[in-house]
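The values are calculated or read from the model by the stated rules, or taken from the named source; none is laboratory data. Because the structure is predicted, anything quoted here is derived from the model rather than measured. Note: ideal-geometry Cβ built from the backbone for every residue, glycine included; neighbour counts use all protein chains shown.
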């Protein structure tokens, strides 16, 4: 099987997570500057077999896209141009940063390390990817 990549896209940083080849576990991979994400993906796709990219999509509580959704949409448009055959799925990313922070606290991550926004972004990408994987196993498809 091929890997699935999860992305928490932000204007400054992009959290990246990946599944194992059997698509059992999602884990944080890295954080990349937003301007470098397409090049990072080109390099990663050249090394690894990836069947899908899952991108967190920011929504408001009323389910409308949030203000930052336009930046994610710009990224999605660039993805389509550079990787026209790569399937992309969107996952609601509401509360992922809060969930990431709570999971780091529960996991015993020190306060100093929790203040590292790159780590929060990477954990958020893992949560987005894990959410997608759980939706597949529960019968919800994106």
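Summary of values
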read-out: Test: residue in the range 20-37 that is at pLDDT 95 or above and farther than 16 Å from residue 118 by Cβ; value: no
read-out: Residue that is over 20 Å from residue 13 (Cα atoms) and either part of a helix (DSSP H, G or I) or modelled with pLDDT under 80 (or both), where the choices are 104, 133; value: 133
read-out: Number of the condition not met by residue 115 [criteria: (1) within 17 Å of residue 19 (Cα to Cα); (2) at pLDDT below 95]; value: (1)
